[in-house]
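Student: The structure that follows is given in the form of structure tokens.
Every number here is computed from the coordinates shown, using simple stated rules; none is lab data. Values in this document were obtained by computation on a predicted structure and should not be read as measured data. Neighbour counts run over all protein chains shown; Cβ positions are idealised from the backbone, glycine included.
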Amino acid sequence: IVHIAALNKDRKIDDYQRIYNKIAEKIREEDEYDGYIGYGPILVRLGWHSSGTYDKTNNSGGSYGGTYRFKLESSDPSNNGLQNAAKFLDPIYKEFNWISHGDLYTLGAVCAVQEAQGPKIPWRPGRVDLPETETPANGRLPDANNGADYVRNFYARLRMNDREAVALTGAHCLGRTHYKNSGFDGPWGAASNSFTNEFFVNLLNEQWKLEKNKSGNYQYDSPKGYMMLKTDYALIQDPSYLKIVKEFANDEASFFKEFASSFQKLLENGIDYPKGAPQYIFKTLDEQDI
Ligand code: HEM
Ligand SMILES: O=C1CCNc2c1cnc1ccccc21
């Protein structure tokens, strides 16, 4: 399968910066969402889930077609709760309906990371809405009840190596699990809306105890009320992953650098960009004194 980015000559960086600003202002405005965590984390998760269906074996899935907008994909149990992010973006799509859904979902995720004081994520437009028939089947997104071998194989399907896999999972510095969405609960203590290397620091510094929660799922809990999924904890069980976790826990700049490149790669998996395709780095609201 080939997905070629469509170059739109009429749209320049300030068209996309205007959409970025709308999303960023709405995140600021609607700050009470999910116990004052806000919409940032769930916007990051929507951008990731709409890209995480990619399969390198036949270059299928991924963010290009914006197929999350179809029932088959948005009703995937792995996507429970993401409807809140889609609803958040709806009025913005109505105002700027020249943008494709794939571009909107990924732009929303880039905006959320940057407005949470995370690294700048370079972003390229050109995704094209595909018909419902192109929607990938359910089951391509990862299952948290697994260890290191599963994590490595899962990320390999997305063309990600160990360093990219650890960096990407570092986005779990944001937000929290919600019992009704995924059958995991917490962390009550560390849910945050700031993008930092906190996730790696928690992994290394907390005492973790494997517990069976009330839905029968296993998760690691700490005395401070933090939690880790089994797929999170796998990153300190595997020697290769552990080395990278230690690097990122001790050097936030190196985590930021790796996250920026891995996240752009994740959001662009499966898309061929023609020579000269524009790449944008958006200003944060703070940088524009908004
Ligand atoms: C093995 C890989 C992964 C697994 C198994 C996994 C699993 C999960 C689960 C179960 C939740 C809780 C959902 C809920 O209950 O609302 C969650 C939340 C989240 N995930 Fe992941 N995840 C993975 C990788 C990633 C990646 C690569 C990113 C982004 C780069 C990411 C970003 C997030 C964010 C931001 C949240 C918080 C959402 C919120 O607060 O509503 N995750 N993840
Ligand atoms: O240690 C943290 C910080 C707050 N958020 C999460 C942590 C660990 N694992 C997670 C897994 C999914 C969503 C959020 C988190």
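Student: What does the charge add up to near residue 115, with Lys and Arg as +1, Asp and Glu as -1, over the other residues with Cβ less than 14 Å from its Cβ?
Tutor: For residues surrounding residue 115, the net value is -1.
Student: Starting from the Cα coordinates of the stretch 105-197, work out the convex hull volume and express it per residue in Å³.
Tutor: Hull volume over Cα atoms, normalised by residue count, gives 150 Å³.
Student: Could I ask something else about it? Under a 5 Å amide H to amide H cut-off, with H placed in plane at 1.01 Å, what residues pair with residue 3 once short-range neighbours are removed?
Tutor: Residues meeting the criterion, in which the H sits 1.01 Å from N, are 272.
Student: Follow-up question, since we're still on this one. So what's the back-of-envelope 222 nm ellipticity for the chain, counting only DSSP H runs of four-plus at -39500 (n - 2.57) apiece and dividing by all residues, rounded to 500?
Tutor: After summing the helix terms and dividing by the residues of the chain, the value is -13500 deg cm²/dmol.
Student: Let me ask you something else. How would you order 45-52, 65-72 from highest to lowest mean count of nearby Cβ atoms within 10 Å?
Tutor: For the peptides 45-52, 65-72, the packing ranking is 45-52, 65-72.
Student: Would you kindly derive the ³J(HN,Hα) couplings of the stretch 100-106 from the backbone phi angles with the Karplus curve 6.51 cos²θ - 1.76 cosθ + 1.60 (θ = phi - 60°), listing them in order in whole Hz, with x for Gly and Pro?
Tutor: Karplus values, whole Hz, x for Gly and Pro: 7, 5, x, 5, 5, 4, 7.
Student: How would you classify the stretch 198-290 from its alpha-carbon gyration tensor, with a ≥ b ≥ c the square roots of the eigenvalues: rounded for a/c under 1.5, else prolate if a/b is greater than b/c, otherwise oblate?
Tutor: prolate
Student: Please turn the phi angles of the stretch 39-53 into ³J(HN,Hα) values with the Karplus equation 6.51 cos²θ - 1.76 cosθ + 1.60 (θ = phi - 60°), one per residue in order, whole Hz, x for glycine and proline.
Tutor: Residue by residue, the stretch 39-53 yields 7, x, x, 6, 5, 5, 5, 5, x, 5, 5, 6, 9, x, 7 Hz.
Student: A further question on this structure: Tell me the angle of helix 252-268 to the major Cα principal axis of the chain, expressed in degrees between 0 and 90 and rounded to the nearest ten.
Tutor: Taking the Cα atoms of the chain, the angle to 252-268 is about 50 degrees.
Student: What is the Cα centroid distance between the stretch 1-70 and the stretch 261-290, reported in whole angstrom?
Tutor: If we compute the Cα centre of each part, the gap is 11 Å.
Student: Rounded to a whole number of µm²/s, how large is the Stokes-Einstein D of the chain at 4 °C and 1.567 mPa s, given Rh as the Kirkwood radius over C-alpha pairs?
Tutor: For these conditions, the coefficient is 67 µm²/s.
Student: Okay, moving on. Counting alpha carbon pairs within less than 8 Å and at least 6 residues apart, what relative contact order, in whole percent, applies to the stretch 131-290?
Tutor: So the answer I get is 24 percent.
Student: Hey, what angle do you get for helix 239-250 against the long axis of the chain, alpha-carbon based, 0 to 90 degrees rounded to 10?
Tutor: 80
Student: Where does helix 13-29 land angle-wise versus the long Cα axis of the chain, in degrees 0 to 90, nearest 10?
Tutor: Once rounded, the angle reads 40 degrees.
Student: Can you tell which of 249, 222, 264 lies farthest toward the positive end of the dipole of the stretch 194-270, using +1 and -1 charges on the Cβ of basic and acidic side chains (Lys, Arg; Asp, Glu)?
Tutor: The one lying farthest along the dipole's positive direction is 222.
Student: Shifting gears a bit: What relative contact order, as a whole-number percentage, does the chain give when Cα pairs under 8 Å and 6 or more residues apart are counted?
Tutor: 26
Student: Note the full-extension length gain between residue 290 and residue 128 as 0.36 nm times their separation in residues minus their Cα-Cα distance, in nm to one decimal.
Tutor: 55.2 nm
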